[in-house]
Structure formats: structure tokens, C-alpha cells
Amino acid sequence: MNARLELSAIATRISDQLTAAAVNGVTVGTAYERQYWKLSGAAFPGVWVGGQTLARVDDGGGFAGLIRQRVRVEFAVRVIVQRAAAGVIDPEDALNELCDAVSDALIGWTPAGADKPITWTRTQDESPQETVLSAVMQFGTETTYQKVPA
């Protein structure tokens, strides 16, 4: 059993929740999509689910012939808005509102394969010298990797 999360399921959750909250016109996808490089630099506002990191929570034991290891999984969500867009007076407000909508969509949700609900780990703004405003949000949960020795 793989301890990784399915990033496309996370993107689908974000997209569905944004639609339900009437946050429209946002392109949502993953960094693994074929069109990522093309769309991530041209489709605004955008939310992109990126790479994940995994770190062990315990050593898994294995004394009974079964290895079951808990793993902390963290993944990144990049939120991007245009600095100058039609109808947007304050792009910082637009970025904050989209970040809030993304966190509302994910915090407390337990994706398939996870053992615990998602929590917010941290957020870091990206370079302010760009024509877009963006922030990388990190979220985390725990999963279990299981292997039966041959």
C-alpha cells in the first residue's frame, strides 16, 4: 500500500468546494497535469496542488511479520492571482480570499488513503516583484504504509 496521496483527488476537492462556495472562475489542477506549465502561467486566478513530502512517524515495527508504518504526508498548494486584473481593486484581498477558500476546502477533510483529517502546516508568500501575487500553502495528514514480507 502506497503512503502517497492522490493529488488529483485533492484538486477535485478544492474545485468542488470553491464551486459550492460560489468562488468562480478559478483554474484548479495539479503540477502533474500535462498542461501544467502552459496553464499555471496563463490561467488566473489559479490553484495548483503540487509535490508532497513524506516523513516517518514511527519505525513500523515488523515483529509479527507485518510492517505497518505511519507516515506524515505534507503537500503544497500554490495559489496565484493577477496583480492587475479587471474588477480587482486590491490584489492582496483577492489572494487572501482565495487562500481562505482553499483552507476552508481542505482543513478537516480526510482524503482517501489518509488516517487523519488534513491540517494546515504553513503558508509562505512568493516573490512580490512579479506580475502576479502568489502563496504556497502547505497542508498535512498521516497515512499508513503496509507491507507483508514475502
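The values are calculated or read from the model by the stated rules, or taken from the named source; none is laboratory data. Computed from a prediction, not measured in an experiment: that's the story for all the values here. Please note: Cβ atoms are built from the backbone with ideal geometry, for glycine as well, and neighbour counts cover all protein chains shown. SASA here: full protein model, heavy atoms, side chains in, ligands and nucleic acids out. Shrake-Rupley method; radii C 1.70, N 1.55, O 1.52, S 1.80 Å.
Here are the numbers:
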quantity	calculated
Residues satisfying the stated conditions in region 28-58, i.e. open to solvent by 50 Å² or more (accessible area, probe 1.4 Å) and at pLDDT below 75	TRP37, LYS38, LEU39, GLY41, ALA42
Any pair with Cβ under 7 angstrom, 6 or more apart, that starts in region 120-143 at a residue that is free of Cβ contacts under 8 Å to residues at least 24 places away in the same chain and ends at one that is open to solvent by 60 Å² or more (accessible area, probe 1.4 Å) and aliphatic (A, V, I, L, M)	TRP120/ILE107
Close pairs from region 1-19: first open to solvent by less than 90 Å² (accessible area, probe 1.4 Å), partner among the basic types (Lys, Arg), Cβ under 9 Å, at least 6 apart	ALA3/ARG70
Qualifying positions in region 133-150 - part of a strand (DSSP E or B), more than 26 Å from ALA84 (Cα to Cα) and more than 13 Å from the chain's Cα centre (by Cα)	GLU142, THR143, THR144, TYR145, GLN146, LYS147
Residues located in region 100-123, provided they are under 11 Å from the mean Cα position of the chain (by Cα) and open to solvent by less than 50 Å² (accessible area, probe 1.4 Å)	VAL102, SER103, ALA105, LEU106, ILE118
Whichever residue in region 1-25 is among the β-branched types (Val, Ile, Thr) and more than 15 Å from the chain's Cα centre (by Cα) and, among such residues, is modelled with the lowest pLDDT	VAL23
Residue within region 80-94 that is of a type in the set (Val, Ile, Thr), under 30 Å from ARG56 (Cβ atoms) and crowded, with 17+ Cβ neighbours inside 10 Å present	no
Candidates GLU130, GLU97, filtered to the one that is outside any strand (DSSP E or B), among the acidic types (Asp, Glu), out of contact with any His (no Cβ under 6 Å at 6 or more places or on another chain) and at pLDDT below 90	GLU130
